[in-house]
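Take a look at the structure below.
No lab work stands behind these numbers, since they all come straight from the coordinates. Treat the numbers as computed from the prediction; the structure is a model and nothing was measured. Cβ coordinates were reconstructed from backbone atoms using ideal geometry, including for glycine residues, and neighbour counts include every protein chain displayed.
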Number of protein chains: 2
Amino acid sequence: MADQLDETRMRAAVEAAYRGPRGANPLVGAVLVAADGTVLAVGHHRGAGNLHAEREALTRIARTSPGMDLSDATLYCSLEPCRHHGRQPPCTEAILSAGVGRVLYGADDPTPDASGGATVLRAEGVDVVAGVLAEECRRINQRWARAQREGRPFVTVHLAQSLDGRIAAADGTSQWITSAASREHTHRIRRRIDAILVGSNTAAVDDPRLTARLPDGTLSEHQPLRCVMGRRPLSEDARLRRGRPEGEGWVQLRTHDPLEALQRLGEIQHEGHPVRHVLIEGGSRVLAAYFAQDLVDEIFAYQAPLILGAGPSSVGDIGVTTLSAARRYAQDPAEGGAVRILDDDVCVHLQPAEDAHVPDSSDAPADQAGAPADRSS
Amino acid sequence: MADQLDETRMRAAVEAAYRGPRGANPLVGAVLVAADGTVLAVGHHRGAGNLHAEREALTRIARTSPGMDLSDATLYCSLEPCRHHGRQPPCTEAILSAGVGRVLYGADDPTPDASGGATVLRAEGVDVVAGVLAEECRRINQRWARAQREGRPFVTVHLAQSLDGRIAAADGTSQWITSAASREHTHRIRRRIDAILVGSNTAAVDDPRLTARLPDGTLSEHQPLRCVMGRRPLSEDARLRRGRPEGEGWVQLRTHDPLEALQRLGEIQHEGHPVRHVLIEGGSRVLAAYFAQDLVDEIFAYQAPLILGAGPSSVGDIGVTTLSAARRYAQDPAEGGAVRILDDDVCVHLQPAEDAHVPDSSDAPADQAGAPADRSS
């Protein structure tokens, strides 16, 4: 059984989980606590290819206190420990070989491959309690779980715009609306995603390279699969292909249906792994297609402090004609908080606000911007 | 003469200055230091109608240590102490009656009425040094000084927009794009400005009240002059006039020239004072006119986390067709920092970036968003 103290410790695991980046894998936090209440180690998952949270915590304690008896210790995990071999070995193995006596976890693993860890641990005599702060733990990875259910990669959107929401001036110039620090941040994201996607029109007009670079300007070892979505043909000498045939580092998804594009992407192997995380960088019509179908799981919106007054808006028509139908998002606390100052730019990190308050007509007095700040009406 | 220690203390005065709000009056900070280096008091100006920074610092020390001998003390002021009777008595009087022996100040007062304080103090035997950290001190109020030179009120702009830069949905609904906390913040600004201005089209379509309210929804004692700019007639029963004749709390400026509108506003008395600070709330055409002529001194940009995909952009055509000609701003450290989180919204506080880096063509490799983050090129 879990008591209030257990919930407090699980809350620390939830906080640890939110330190990680969103993407192919769920956010997970783990806190290892001794019988006397001492916190022995904290771990969180740092994204695909890195240690899982449980293993990170157990590795830490093994390093600082080798051979410590953990049979009286409790491991708090925001998500059910996995039992499958993915890019990392199963957490159940790590827990069993460390000899942890008790495991409390929050949310059940929603994936068929990874779930069942609790059963494995119980069969080996570990005391397992499920569902501690279950709702809070489930909410951490709500959209990730949905992407899993829909059999598609996790979708991150990049908006790089002026203060008045434009992605280029009237003559098409857009280099650079955002600051050097914003572009550096974008490359940090490019370095960890599996695929990067732009519309075929953007590919033709802007001729981007879509590479992931290091701060010194050199190419990073990992390069995302470069994807063009839409039917406009890509020229032979486009920078993102450089004469290479389709399939060699780039693909074209000849569809205007975003879910179809994502599902096809999910079937592609790139650098030895399936595509499970895609970054969409534009243009406004492609972004609109993803927003319209509520397929955007995460947004990084870079706002540069300049006014253009003309030029394309960052997001095109999504079929919304009235305010109550707007697509709503909420600040995302993951990965160090929702707001970043990047030189002169401000970058806001957002996630879908599944339960966001949508004002009804009784909220709307006739004063455009003069109503009292009354949250109850 | 001023030495390095004096500059360190002046820097504290500069920091204090930035705590205040921009508007009708310059930002000013003052630090009173005893002969042994003890900081006796710090003051800053909190906006029109409040004590000046020097008087605030001197009032503090008089309260905590009444009768203290200040003949060996030094007062560091970011701006030359004023010698005129405005809404506050002259700072020179406060300094003389407190018996402060030495005054160091940064920037000369650029206004004919208030300047000359140094001369007054010297004539009374005070040791006065001018120009300490002069450039830093001058920069604090660069735009305020320019508004003074142009004989017009200080202009604050309010942008309240969706993530994609829109101020209304396609059907015109706009209540509420921003959060309750953002609207509350707007009312804090409305409570301290002299006048509030919207376009005649916005006045007709949105029928705003343009009142300043307290957090409980009641009207604040001070109400800004409500101004409509443009030629579209205002209906008798428009909320911002409620049947009252022009001049009774509202005016219409029948011009499309923003500088002319401002200069006329500056000649109007409201609640016993001339209009010296105006807040412009929209719509996009009126805002564009002020941005186009570089008459925007301060911006509060409220960005709500929702996507509309259609509807008017926050700022209309300003005659800029290419990125290098964009109007550039920079984060404003005044009044507690440039970025505020207001419920789900992010509010960015900006000032014109008079010396902002404008990228030239050598900055622009062909990769839309893939160039290295190289600040030197």
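Where chain A is carried onto chain B by rotation, the Cβ closest to that axis, with its residue and distance in Å, is A:Gly165, 1. Taken as Cα centroids, region B:302-359 and region A:210-246 sit 31 Å apart, rounded to the nearest whole angstrom. Packing order of peptides B:207-216, B:43-52, highest average first: B:43-52, B:207-216 (average count of other Cβ atoms within 10 Å over each peptide's residues). For the residues B:Ile280, B:Ile140, B:Ile268, a GNM of chain B with alpha-carbon springs under 10 Å puts the largest fluctuation on B:Ile268. By the count of neighbouring beta-carbon atoms within 10 Å, fewest first, A:Val28, A:Val155, A:Val346 end up ordered A:Val155, A:Val346, A:Val28. Look at the dipole of region B:4-141 built from charges on Cβ: of B:Thr111, B:Ala130, B:His44, the Cα furthest out on the positive end belongs to B:His44.
Fully extending the segment from A:Asp294 to A:Arg242 would add 15.4 nm, taking 0.36 nm per residue of separation and subtracting the current Cα-Cα distance. When the alpha carbon gyration tensor of region A:8-89 is reduced to an equivalent ellipsoid, the three semi-axes, largest first, read 21, 14, 10 Å. Scaled against the 2.2 N^0.38 Å expected of a compact globular protein of N residues, the Cα radius of gyration of region A:151-352 reads 0.98. Charged side chains reduced to their Cβ positions (Lys and Arg at +1, Asp and Glu at -1) give region A:1-112 a dipole of some 540 debye around its Cα centre.
Label-point distances for A:Gly336 to the equivalent site in the other copies, using a point 7 angstrom along Cα→C-beta, read 2.6 nm when ranked shortest first. About the centre of its Cα atoms, region B:151-352 shows a dipole size close to 280 debye [charges on the beta carbon of Lys, Arg (+1) and Asp, Glu (-1) only; nearest 20 debye].
Here is how far apart the A:Pro89 label points are across copies: 8.2 nm, shortest first, using a point 7 Å from Cα toward Cβ. Its alpha carbons give the protein assembly as shown an Rg and a Dmax of 29.8, 93 Å.
Label separation (B:Thr218 vs A:Thr38): 5.9 nm, computed from points 7 Å beyond Cα along the C-beta direction.
Residues B:Arg55, A:Arg9, arranged from fewest to most other Cβ atoms within 10 angstrom of their Cβ, appear as A:Arg9, B:Arg55.
Note on region A:146-207: Cα-only Rg and Dmax are 14.1, 42 Å. Counted by Cβ distance under 9 Å from A:Ser200, the other residues give a net charge of +3, where Lys and Arg count +1 and Asp and Glu count -1. Listed from fewest to most Cβ neighbours within 10 Å, the set A:Met68, B:Met10 follows the order A:Met68, B:Met10. Computed over chain A, the per-residue total of -39500 (n - 2.57) for DSSP H runs of n ≥ 4 gives a 222 nm mean residue ellipticity of -7000 deg cm²/dmol, rounded to 500. Note on B:Asp207 and A:Thr64: the model spin-label points, each 7 Å out from Cα along the C-beta direction, lie 6.5 nm apart. Take every pair of alpha-carbon atoms less than 8 Å apart whose residues are at least six positions apart; their mean separation over the length of chain B yields a relative contact order of 16 percent. Of A:Ala160, A:Ala62, A:Ala338, which has the largest mean-square fluctuation in a 10 Å C-alpha GNM of chain A? Highest fluctuation among the options: A:Ala62. Along the Cα→Cβ direction, 7 angstrom out, place labels at A:Arg191 and B:Ala134. What is the inter-label distance in nm? Placing both labels 7 Å beyond Cα along the Cβ direction yields 4.6 nm. Each Lys and Arg Cβ is given +1 and each Asp and Glu Cβ -1; about its Cα centre, the protein assembly as shown then shows a dipole of about 860 debye. Computed over neighbours whose Cβ is under 11 Å from that of B:Gly311, the net charge equals -2, Lys and Arg +1, Asp and Glu -1.
Dimensions of region A:261-351 based on its C-alpha atoms, expressed as ranges along the principal axes with the largest first, amount to 43, 34, 25 Å.
Once the chain from A:Thr8 to A:Glu124 is taken as fully extended at 0.36 nm per residue, the excess over their C-alpha distance is 39.1 nm. Inter-copy label distances for A:Asp69: 7.4 nm (label point placed 7 Å from Cα along Cα→Cβ; shortest first).
An ellipsoid equivalent to region B:1-142, defined through the eigenvalues of its Cα gyration tensor, has semi-axes of 19, 16, 15 Å when rounded to whole angstrom and sorted largest first.
Legend: mean number of C-beta atoms from other chains within 10 angstrom of residue C-beta atoms, peptide A:214-222, equals 2.
Which percent of the Cα-Cα distances in chain A go past 29 Å? Here the long-distance tail beyond 29 Å is 48 percent of all Cα pairs in chain A.
For region B:80-225, the Stokes-Einstein estimate of translational diffusion at 10 °C and a viscosity of 1.306 mPa s comes to 83 µm²/s, using the Kirkwood hydrodynamic radius over alpha-carbon pairs.
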